[in-house]
Amino acid sequence: MIKVKVKVEEVSTTIEVEKGKTILELLLAISKPLAQKAIIAEIVSSGNSQTQLDRTQLVSLVDLSHVIDSDSEIRIITSEDERALDTLNHSCAHIMACAIKKIYPDAKFAIGPSIRNGFYYDFDIDEKTISQEDLPVIEEEMKGIIEKDYKFERQEVTKAEAKEIFRNNPFKLELIDEIESPKVSIYTTGNFVDLCSGPHIPSTGKVGAFKLLSIAGAYWRGDERNKMLTRIYGASFFSEEDLQLYLERAEKAKNSDHRKIGKDLELFSFHDEAPGFPFFHPRGIILRNIIIDYWRKEHQKEGYLEIQTPVILSNELWKTSGHWDNYKDNMYFVNIEEKDYAIKPMNCPGAILVYKSSQHSYRELPLKYAELGLVHRHEKSGVLHGLFRVRSFTQDDAHIFCMESQLKDEITKIIDLVDRMYRVFGFHDYHVELSTRPLKRIGTDKMWDKAENALEEVVKAKDINYVINKGEGAFYGPKIDFHITDCFGRTWQCATIQLDFAMPEKFDIEYMGEDNAKHRPVMLHRVVLGSIERFIGILIEHYSGNLPPWLAPVQAVVLPISEKFGDYSRRVFDTLRANNFRVEFDNRVESLNKKIRDAELKKIPYMIVIGKREEETRTITIRRKVGEDMREIELDKFLSILKDVVENKKSTS
RNA sequence: GCCGAUGUAGCUCAAGUGGUAGAGCAGCUCACUCGUAAUGAGCAGGUUACCGGUUCGAGUCCGGUCGUCGGCUCCA
């Protein structure tokens with residue numbers, strides 16, 4: 001007999017069982033309902049690992065069919081646990097593959113993992129292409145498999161045996177070769193066999209609800225030199241309600257799409273005549289200018305000096321900077337009077353020319369040049385995506401020229417600025433990533449050591465949690481990036497701080513030191529919002545278009561109930577406008593209902609309703625997008641409320 | 001760039017197997033003067049993305065180009 005301690009959530013119990021029993025058998029002995037609820041188990045500790053496989057893969061999550069043959073402590077994972085949903089999604093990928101195999105017997109399967117919000121499976125079909133219309137057919141087949149409640153049966157085989165089983169599947173053969181352990185595990189579901197480390201749900205019937213979502217191409221192993229496979233995405237859940245909730249959320253995210261809102265609210269547009277180059281409309285420019293005005297104020301307070309450098313610069317400059325070598329395929333070029341020029345993809349060489357235009361003393365440092373620089377980068381046609389991925393955009397850039405001794409202080413100040421500005425825009429949640437030297441780079445290893453250490457020291461000193469991305473730095477220096485989390489839980493890399501010892505060397509820039517000798521300054525490249533255009537897209541989606549009053553292109557609209565109240569309404573409108581509020585006057589001959597509906601669709605924060613009562617009492621009534629209505633209040637009172645909300649950049653109205 | 005889908009009026013969408021393009025909303029005109037998410041009627045609006053082919057005849061079938069959408073790859 002062996003002792004097994006079984007934990008489930010906060011309860012734990014120890015029982016003695018015969019060696020060789022499975023977890024499921026053990027659970028049935030303890031409690032049938034628990035056995036019913038259980039999805040997988042976690043081995044918290046055990047006397048010895050059962051198989052060589054477990055030792056090499058360090059798997060702590062196991063199937064319920066896992067055999068216990070020594071004293072152990074196990075934790076039962078039920079459908080409430082996030083990891084159970086992950087397993088469910090993975091199992092559902094197998095179920096989908098099983099269905100596809102039945103419909104298209106020649107399909108060769110590659111990989112089918114669970115992902116953040118569901119699962120996918122990549123496979124190769126030679127003759128046929130699968131389209132959206134085929135998904136319901138596959139779904140029907142899957143439903144049949146789920147109804148039959150097939151078991152997920154795990155089996156461990158030698159690599160030779162596995163190669164025999166998957167002899168017709170080049171993808172699996174490649175995967176088997178890469179597994180280090182002498183044995184591999186395979187799972188059988190119905191008549192579908194897959195190479196897989198598991199764990200899986202006990203049987204297909206555990207899938208309460210699922211939906212196949214989309215179909216796409218994906219390169220084998222994510223390498224564009226490899227074959228393009230067919231990928232089907234789906235999502236599965238333990239209950240129909242969870243699926244419906246997921247679909248509702250997906251619908252909400254779709255309705256928050258900045259491309260749709262941008263068009264509906266007349267903020268910006270795209271045209272076939274300029275793919276990837278955004279056009280900003282009057283309302284979009286209002287939003288853009290508000291962001292820029294705020295940005296300027298914050299930067300002036302921090303001692304930045306704003307500059308502006310040209311969009312077209314000699315190709316020689318880009319050869320000196322190293323951009324031509326590293327990025328010529330993504331740059332635009334023009335030939336003027338038989339000389340080659342490039343449209344700038346970055347602002348740094350321009351800033352360096354400004355620096356070089358005069359001598360500098362150590363007394364001036366740190367010298368902080370800020371620039372809202374319009375850059376152009378050629379993006380491949382397939383990657384364009386609204387304002388998120390464009391071919392021309394405005395970086396809220398700055399280049400700080402300083403002494404090495406000032407680095408940490410300057411980096412700290414940037415981090416504080418980023419933190420302050422993000423909060424104002426309503427982003428309270430972000431994380432930091434540190435990217436180190438890439439393979440393709442300029443500068444010496446000594447420079448890179450210094451630069452990487454400086455960044456890391458500051459992040460550590462500030463006690464910020466960060467992850468390291470090895471080899472992901474810019475070609476001229478390492479960087480720390482700030483990733484904003486929006487209200488949908490998506491993350492967006494916006495701010496970046498890049499440390500650069502290389503460009504000052506390449507451009508031979510210097511300052512006169514206290515010692516009356518020439519020294520080389522260090523450069524910090526940094527952005528806070530990243531791309532103004534992209535940031536606008538992020539803001540729109542974060543707020544689903546319901547921008548807080550300080551950002552809203554139209555803050556209020558005056559709605560007279562009928563033309564009879566036109567004169568008084570006009571005076572209210574004039575007063576608001578005279579006080580610098582962005583207000584519109586809807587004096588169309590339409591019903592109040594219609595005017596309110598239109599104002600709602602335009603996502604205007606305040607609707608000012610004026611009828612007989614308001615005219616008589618010389619008041620206004622406010623219908624707010626957020627919060628209760630304010631009936632018959634003094635115009636002055638509303639002005640002070642609006643002033644407070646706008647000046648203090650409050651997120652609610 | 002690659003895989004797949006797609007392109008019809010400003011917007012959202014119709015037009016069995018090829019037979020001279022329709023609707024709602026928006027716009028304009030008229031009537032209604034309205035109390036918290038669409039008042040009614042009328043009018044106007046399209047070389048069906050573009051180029052070529054098949055056909056007596058193409059929005060529809062075929063080829064190409066461009067854009068867009070979902071992914072993959074990429075993102076200084």
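Derivation of every value follows stated rules applied to the coordinates shown; laboratory data play no part. Keep in mind it's a predicted model, so treat the numbers as computed, not measured. Here Cβ is always computed from backbone atoms with ideal geometry, including for glycine, and neighbour counts include all displayed protein chains.
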**Q.** Distance between modelled label sites at residue A:44 and residue A:592, nm, 7 Å Cα→Cβ extension
**A.** 6.4 nm
Q | Cut-off under 5 Å, modelled amide H: who pairs with residue A:333 long-range | A | A:343
Q: Over region A:83-253, calculate the relative contact order: mean separation of alpha carbon pairs under 8 Å at least 6 apart, over the residue count, as a percent.
A: 27 percent
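Where in region A:310-346 are there GluC sites (Glu not before Pro) that are in a DSSP coil and have at most 14 other Cβ atoms within 10 angstrom of their Cβ? Intermediate values should be presented prior to the final figure.
Numbers: sites: A:316, A:337, A:338; in loops: A:337, A:338.
Answer by residue number: A:337, A:338.
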Q: Mind pulling up the Rg/Rh value for region A:83-253? Radius of gyration and Kirkwood radius, both on Cα.
A: 0.95
Q: Treating the Cα atoms of region A:235-373 as identical point scatterers in vacuum, please give the log10 of the normalised Debye intensity I(q)/I(0) at q = 0.17 Å⁻¹, two decimals.
A: -1.11
(Q) Just to check I understand the Karplus step: with θ = phi - 60° and J = 6.51 cos²θ - 1.76 cosθ + 1.60, what whole-Hz values come out for region A:330-344, glycine and proline as x? (A) 10, 10, 9, 10, 9, 10, 10, 6, 6, 10, 8, 10, 10, 7, 5
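How do A:231-240, A:12-21 rank on mean C-beta neighbours within 10 Å, highest first?
Details: A:231-240: 20.1, A:12-21: 12.4.
Order by mean packing, descending: A:231-240, A:12-21.
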Q | C-alpha center-to-center spacing [region A:257-332, region A:521-584] in angstrom | A | 20 Å
(Q) Quick one: 3J(HN,Hα) in Hz for region A:617-629, Karplus 6.51/-1.76/1.60 with θ = phi - 60°, rounded, Gly and Pro as x. (A) 9, 6, 10, 9, 10, 10, 9, 9, 5, 10, x, 5, 5
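Could you tell me the relative contact order of region A:257-411? Use alpha-carbon pairs under 8 Å, at least six residues apart, and round to a whole percent.
Reported relative contact order: 24 percent.
Checking the a/c ratio against 1.5 first, then a/b against b/c, what shape does the Cα gyration tensor give for region A:556-647?
Values: a/c = 1.44, a/b = 1.16, b/c = 1.24.
Cα axes put region A:556-647 in the rounded bin.
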Q | chain A shape via C-alpha gyration tensor axes, a/c threshold 1.5 | A | oblate
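Would you order A:270, A:482 from fewest to most other beta-carbon atoms within 10 Å of each residue's own beta-carbon? Let's see the in-between values first.
On the way: A:270 18, A:482 26.
Ascending Cβ contact count within 10 Å gives the list A:270, A:482.
For region A:253-295, take the alpha-carbon Rg, divide it by the Kirkwood Rh, and send me Rg/Rh.
Details: Rg = 11.5 Å, Rh = 11.2 Å.
Expressed as Rg/Rh, it is 1.03.
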Q) Under the Karplus relation 6.51 cos²θ - 1.76 cosθ + 1.60, θ = phi - 60°, what is the ordered set of whole-Hz ³J(HN,Hα) values for region A:291-297, x standing for Gly and Pro? A) 4, 5, 4, 5, 4, 4, 4
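Can you give the convex hull volume of the alpha carbon atoms of region A:324-472 per residue, in Å³? Can you show the working numbers first?
Working: hull volume 26.4 nm³, N = 149.
Each residue corresponds to 177 Å³ of Cα convex hull volume.
Quick one: compute the contact order of chain A, relative version, from alpha carbon pairs under 8 angstrom and 6+ residues apart, as a percent.
Details: 1198 pairs, mean separation 54.7, N = 653.
Here the relative contact order equals 8 percent.
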